[in-house]
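Colleague: I have a structure I would like to understand better, so I am pasting it below and will then ask my questions one at a time.
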Amino acid sequence: MADAKLYLRPIGFLYGDTAATAVAARLALPLAGSGIAFTAAELIEGAPRSAKRRLMPSQELARSRDADLAQLLKRVTAPRPPFAGLSLTRPLIMGIVNVTPDSFSDGGMFDTTEEAIVHAAELASAGADIVDVGGESTRPGSDAVEEDEELSRVLPVLEGLAGLHATISIDTRKASVARAAAKAGAKIFNDVSALTFDRDSLAAAAEAGLSVILMHAKGAPKTMQDDPRYDDVALEVFDYLEDRIAAAEAAGIDRAHIAADPGIGFGKTLDHTLALLANLSLLHGLGVPLLVGASRKRFISGVSGGETPQSREPGSYAVALAAAAQGAQILRVHDVAGTRQALSVWQASVDGKGA
Ligand code: 7PJ
């Protein structure tokens with residue numbers, strides 16, 4: 001088994017002063033600079049179809065002389081440098097600004113430039129660290145949008161956001177849109193195709209100095225929900241994201257400028273999504289910040305009702321907290337004020353004190 005691939009899934013989390021005390025006492029290890037500590041991990045060895053799994057206490061992991069394990073452990077435990085200038089010592093909130101007439105949850109509501117700018121400003125004042133502006137709906141079943149149409153939707157909005165007290169992200173699969181957005185002040189290129197849709201995207205991100213969010217998706221938006229299959233969804237998403245991070249680095253994008261995202265709902269059944277969420281901490285082994293975008297998605301109604309996207313807010317808060325509890329560094333949400341409150345109260349409750 002010397003050459004078998006290793007994965008590490010931290011479990012047994014501690015928070016606040018308890019986490020710090022346990023790390024100091026060498027009873028736990030720090031999780032990716034999040035302030036969370038883990039007391040054990042599942043060590044997974046081999047290929048997705050046939051992996052062997054065993055639990056190990058953190059103390060034993062820390063003592064291991066296996067070089068591969070030591071390297072993986074370093075990736076899992078190391079603090080992350082700031083992403084797009086934003087410190088990652090507490091979860092960041094990315095607020096969603098759709099400039100699409102057909103977006104599934106608020107499409108048509110913010111489809112004019114003016115309304116999108118007002119909406120973005122509201123999200124920023126509600127505590128969004130990042131606002132994510134998108135002009136192409138990539139929800140399941142959606143059609144692609146022409147470049148000119150997408151540019152004419154997002155550029156006036158980006159220009160109207162100059163001076164906004166939040167970092168601007170552009171949600172696009174097109175290099176030309178990312179380049180234009182960078183000129184208009186965007187710092188983040190959020191691409192649901194992980195820079196694969198457009199052959200120029202890797203170069204565009206590198207040349208424009210953009211930070212990138214690489215998201216896993218299986219298949220194109222139009223067909224991705226048609227019977228997606230995995231041997232092990234968490235391990236396969238890990239492998240894909242690891243490859244895309246390597247491709248981004250090879251194209252000259254600094255590792256500090258890369259974040260990864262499991263792509264909730266993008267080519268995943270309800271069971272796939274829940275398996276990914278339950279195994280989220282595995283992805284810290286990628287060694288980059290993790291973003292989770294689960295807000296108002298369909299799996300929420302699959303678990304407990306909420307037929308309309310707008311009625312899925314309680315479930316959206318719950319999944320945001322579940323992700324934060326495993327150290328996810330960025331949460332992409334529609335309701336920034338509600339998520340901010342949920343996160344603050346959760347944090348204060350596990351810490352036993354306010355901020
Ligand atoms: C995501 C996204 C996501 C990232 C969309 C929706 C569909 N970008 N863009 N992650 N989802 N990084 O908002 O429901 O999950 S569009």
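Values quoted throughout were computed directly from the atomic coordinates according to the rules given, and no laboratory measurement underlies them. None of these values were measured; they are calculated from a predicted model. Because the Cβ atoms are built from the backbone with ideal geometry, glycine has one as well, and the counts that use them run over all protein chains shown.
Colleague: Can you return the aspartates and glutamates within cross-link range of Lys74? Criterion is Cα-Cα under 13 Å, with same-chain partners fewer than 8 residues away left out.
Modeller: Asp66
Colleague: A further question follows. Just need log10 I(q)/I(0) for the range 224-355 at q = 0.09, 0.12, 0.20, 0.22 Å⁻¹, Debye formula, equal scatterers on the alpha-carbon atoms, no solvent, rounded to two decimals.
Modeller: -0.29, -0.51, -1.20, -1.32
Colleague: Pairing the Cα long axis of helix 113-125 with the longest principal axis of the chain, what angle in degrees results, from 0 to 90 and rounded to the nearest 10?
Modeller: 30 degrees
Colleague: Run the reach check for Lys183 against lysines, Cα to Cα strictly under 24 Å, same-chain hits fewer than 8 apart removed. What comes back?
Modeller: By straight Cα distance, Lys183 reaches Lys174.
Colleague: Could you work out the relative contact order of the chain, using alpha carbon pairs under 8 angstrom and six or more residues apart, expressed as a whole percent?
Modeller: 17 percent
Colleague: In degrees between 0 and 90, to the nearest 10, how far off the longest principal axis of the chain does helix 233-250 point, with axes built from Cα atoms?
Modeller: 70 degrees
Colleague: What does the range 261-310 give for Rg and for Dmax, in Å, if only its C-alpha atoms count?
Modeller: Cα only, the range 261-310: 11.7, 36 Å (Rg, Dmax).
Colleague: Return the distance in nm (one decimal) between the two label points of a simple spin-label model at Thr112 and Ala24, each offset 7 Å from Cα along Cα→Cβ.
Modeller: Going by the 7 Å Cα→Cβ label model, 5.8 nm.
Colleague: Could I ask something else about it? Each residue of the range 84-91 in turn: what ³J(HN,Hα) in whole Hz from Karplus with 6.51, -1.76, 1.60 and θ = phi - 60°, glycine and Pro shown as x?
Modeller: After applying 6.51 cos²θ - 1.76 cosθ + 1.60, I find 6, x, 9, 5, 10, 7, 9, x Hz.
Colleague: Right, something else. Using the Kirkwood formula over every pair of different C-alpha atoms, what hydrodynamic radius in Å results for the chain?
Modeller: This gives a value of 20.5 Å.
Colleague: Give me the percent relative contact order of the range 142-202, please, defined on Cα pairs under 8 angstrom at least 6 residues apart.
Modeller: The normalised contact order for the range 142-202 reaches 34 percent.
Colleague: Kirkwood hydrodynamic radius (Cα pairs, Å) of the range 22-129?
Modeller: Hydrodynamic radius (Kirkwood, Cα pairs) of the range 22-129 is 17.6 Å.
Colleague: Another question, if that's okay. Report the local net charge at Leu270: Lys and Arg +1, Asp and Glu -1, summed over other residues whose C-beta lies under 12 Å from its C-beta.
Modeller: That sum, taken over residues with Cβ under 12 Å, equals +2.
Colleague: Would you list, by chain and number, the lysines whose Cα falls below 19 Å from the Cα of Lys268, excluding same-chain residues fewer than 8 positions away?
Modeller: Here the lysines satisfying the reach criterion relative to Lys268 are Lys218, Lys222, Lys297.
Colleague: By DSSP, what percent of the beta bridges with both residues in the chain are antiparallel, rounded to the nearest 5?
Modeller: For the chain, the DSSP antiparallel bridge percentage is about 40.
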